[in-house]
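This report refers to the structure that appears directly beneath it.
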Amino acid sequence: MQLHNLKPAEGSVKKNRRVGRGEGSGSGTTSGKGNKGQQARTGYQSKTGHEGGQMPIQRRMPKRGFKNINRVDYKVFNLGQLDFLIEKYNITEFTPDNLYVNGLISRTDLVKILGNGELKAKIAFKVNGASEKAKKAIEAAGGTIEII
């Protein structure tokens, strides 16, 4: 085998369609571009969202609301979920690092505890936020909570 003998695998290279090379080729006259119009011309480019003069969909739809750039998003855990998670993942201290290691949150997520449900386990919490009801319930169960 030498360099001048090398050929691509069978069927891997396709020949381009030769358009505009006479009637007999099957792609003559209009070269598969239809009759007249902007798209039949050379150099035609379509802008994103252009609908040929019809009002584009992004202008037909009304605007709603806004995106608050100062919003702080928390990963929320309710007291009712905590007993199950503590038992399933053998968590001794409820921290963002422990939750990340167990695949419950991503590295940059902030964690907040909410007071929906009951907590039976006595455990220490180090979280980014907690509701007043959750703080009272954790302390009543004998645990501690620290906001980091």
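Nothing in this text is a laboratory measurement; each read-out follows from the coordinates by a stated rule. These figures come from a predicted structure and were not determined experimentally. Backbone-built Cβ (ideal geometry, glycine too); neighbour counts: all protein chains shown.
For HIS50, the criteria (1) closer than 30 Å to GLY20 by Cβ; (2) in contact with a strand residue (DSSP E or B) (Cβ under 8 Å, 6 or more places away or on another chain) hold in every case but one, which is (2). So which residues in segment 22-34 are in a loop (DSSP other than H, G, I, E, B) and more than 42 Å from the chain's Cα centre (by Cα), if there are any at all? Answer for segment 22-34, where residues must be in a loop (DSSP other than H, G, I, E, B) and more than 42 Å from the chain's Cα centre (by Cα): GLY22, GLY26, SER27, GLY28, THR29, THR30. The residues of segment 105-122 that are free of Cβ contacts under 8 Å to residues at least 40 places away in the same chain and among the hydrophobic types (A, V, I, L, M, F, W, C), listed by number, are ILE105, LEU110, VAL111, ILE113, LEU114, ALA121. Evaluate the following for ILE86: is it part of a loop (DSSP other than H, G, I, E, B), β-branched (Val, Ile, Thr) and under 30 Å from LYS135 (Cβ atoms)? Spelling it out, it is not the case that ILE86 is part of a loop (DSSP other than H, G, I, E, B), β-branched (Val, Ile, Thr) and under 30 Å from LYS135 (Cβ atoms). The number of residues in segment 1-20 that are over 47 Å from the mean Cα position of the chain (by Cα) and either assigned to a loop (DSSP other than H, G, I, E, B) or among the small types (Gly, Ala, Ser) (or both) comes to 2. Put simply, of LYS112, LYS135, LYS120 the only residue that is touching an Asp or Glu at 6+ places or on another chain (Cβ under 6 Å) and within 16 Å of ASN78 (Cβ to Cβ) is LYS120. Exactly one residue out of VAL76, VAL111 is touching a Phe, Trp or Tyr at 6+ places or on another chain (Cβ under 7 Å), closer than 30 Å to ILE148 by Cβ and assigned to a strand (DSSP E or B), and it is VAL111.
What are the residue pairs meeting all of these: first residue in segment 30-43, first residue on the phi > 0 side of the Ramachandran plot, second residue aliphatic (A, V, I, L, M) and not in a loop (DSSP other than H, G, I, E, B), Cβ atoms under 9 Å, and 6 or more apart or on different chains? Within 9 Å, the pairs are SER31/ALA40; GLY34/ALA40.
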